[in-house]
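Notes for the one structure printed next.
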Amino acid sequence: MLRMLYTDFRSTLLNRGIKILMLIFASYIVGYVIIMKVLLSLIASGSSLQADDVLMVYNESSIFVVTAATLIIYVGEFANGSIRNKLCSGAKRSDIFLASIINSAFIAFLMSIFCQVLEIILALIFSDGLYNQTLSEAAYSMLETTISCTAIAVFSVSIIMMMGGSYASYIVGLGAAFLFKIVVMEVMRKLYPDQGPVTLTGTKLAVYQFIDKYVPYARCSGMPRWDMTSLIIGCSGLIVISTVLGLIIFGKKELK
């Protein structure tokens with residue numbers, strides 16, 4: 001399995017699709033910051049770009065970037081026959097699956113670090129510093145997003161493996177990310193209204209608070225609201241559920 005992990009790590013780092021994805025998203029981050037800086041200078045005289053806004057760019061898109069990366073890698077592995085070749089060489093399905101989710105967590109970690117370091121550099125160059133957050137809160141937010149993204153990557157790869165790497169995985173994977181994004185936005189709107197008190201009560205309030213506290217997709221908002229313990233519990237829960245279901249279903253899946 002260690003040899004398989006090494007091969008997966010190496011192929012991921014050399015993957016052309018991943019390089020293109022990271023180039024596009026890095027360009028998006030840089031472009032967003034430069035455009036905001038110019039617009040604030042021209043339209044809102046006296047206004048300044050805040051580091052808080054720069055550090056939010058990856059948070060707002062991280063679930064889609066991580067999901068897209070896993071789809072590029074693992075749908076590609078099924079399409080080019082890499083998964084079937086591993087099986088033909090005698091590798092166990094469980095080893096293939098476990099190596100895949102470990103590799104997905106690895107790429108999510110690297111992507112998060114890359115994007116957040118880029119944001120820090122841009123914030124130091126173009127912004128006037130933090131306004132709504134302290135340095136420790138900003139650091140916690142980055143850590144929270146990174147950990148959440150690793151769990152989301154594992155969940156995404158589990159879906160791909162359970163679906164046998166079919167191209168429908170793109171629809172299901174990105175569709176799930178989009179659905180969770182909408183749900184999280186609704187939860188945030190109800191739990192943290194711009195005006196007035198929270199109107200939720202009873203079971204609905206408990207469900208919304210559970211999503212906000214334990215679902216990794218809700219912890220990529222860039223606005224830390226809960227402690228590290230709840231983050232670890234939520235991410236661990238998603239990883240364990242994804243892994244167990246994936247091992248069972250992929251182990252019985254008939255591959256084309």
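The values are calculated or read from the model by the stated rules, or taken from the named source; none is laboratory data. The structure displayed is predicted, hence computed values, not measured ones. Every residue, glycine among them, receives a Cβ derived from its backbone with ideal geometry; neighbour counts consider all protein chains shown. The accessibility values were calculated without ligands, DNA or RNA, using every heavy atom of the protein model including side chains. Shrake-Rupley method; radii C 1.70, N 1.55, O 1.52, S 1.80 Å.
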Which of the residues spanning the range 161-177 are of a type in the set (A, V, I, L, M, F, W, C), open to solvent by 60 Å² or more (accessible area, probe 1.4 Å) and in contact (Cβ under 8 Å) with a residue 40 or more places away in the chain?
Leu174
Got a sec? Which of Ile63, Ile121, Ile113 is part of a helix (DSSP H, G or I) and crowded, with 17+ Cβ neighbours inside 10 Å?
Ile63
On the given criteria, is Gly222 surrounded by 19 or more Cβ atoms within 10 Å (Cβ to Cβ) and of a type outside the set (Val, Ile, Thr)?
yes
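Please verify whether Ser236 is open to solvent by less than 60 Å² (accessible area, probe 1.4 Å) and modelled with pLDDT of 95 or more, treating the condition exactly as stated. Break it down stepwise before answering.
Values: open to solvent by less than 60 Å² (accessible area, probe 1.4 Å): yes; modelled with pLDDT of 95 or more: yes.
Here the answer is yes, as Ser236 does meet what is asked.
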List every residue pair whose Cβ atoms sit under 6 Å apart, with the two residues 6 or more apart in sequence or on different chains, where the first one lies in the range 242-256 and is closer than 17 Å to Ala153 by Cβ and the second, anywhere, is in a loop (DSSP other than H, G, I, E, B).
none
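When the residues of the range 179-191 are narrowed to those that are without any contact (Cβ under 8 Å) to a residue 24 or more places away in the chain and not charged (D, E, K, R), which ends up least open to solvent (accessible area, probe 1.4 Å)? First the steps, then the outcome.
Residues of the range 179-191 that are without any contact (Cβ under 8 Å) to a residue 24 or more places away in the chain, as a first pass: 179, 182, 185-186, 189-191.
With not charged (D, E, K, R) added as a condition, the list becomes 179, 182, 185, 191.
On the way: Leu179: 105, Ile182: 81, Met185: 119, Leu191: 20 Å².
The qualifying residue least open to solvent (accessible area, probe 1.4 Å) is Leu191.
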Considering residues of the range 74-104 that are open to solvent by 70 Å² or more (accessible area, probe 1.4 Å), in a helix (DSSP H, G or I) and not charged (D, E, K, R) only, the residue modelled with the highest pLDDT:
Ile102
Among the residues of the range 175-217, the number that are more than 29 Å from Val65 (Cβ to Cβ) and either under 16 Å from the mean Cα position of the chain (by Cα) or basic (Lys, Arg) (or both) is 1
Of the residues Tyr140, Tyr170, which single one is closer than 21 Å to Phe25 by Cα and of a type in the set (Ser, Thr, Tyr)?
Tyr170
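Taking the stated definitions as given, is Ala51 among the hydrophobic types (A, V, I, L, M, F, W, C), closer than 30 Å to Thr134 by Cβ and surrounded by 17 or more Cβ atoms within 10 Å (Cβ to Cβ)? Lay out the reasoning, then the answer.
Numbers: among the hydrophobic types (A, V, I, L, M, F, W, C): yes; closer than 30 Å to Thr134 by Cβ: yes; surrounded by 17 or more Cβ atoms within 10 Å (Cβ to Cβ): yes.
Answer is yes for this residue.
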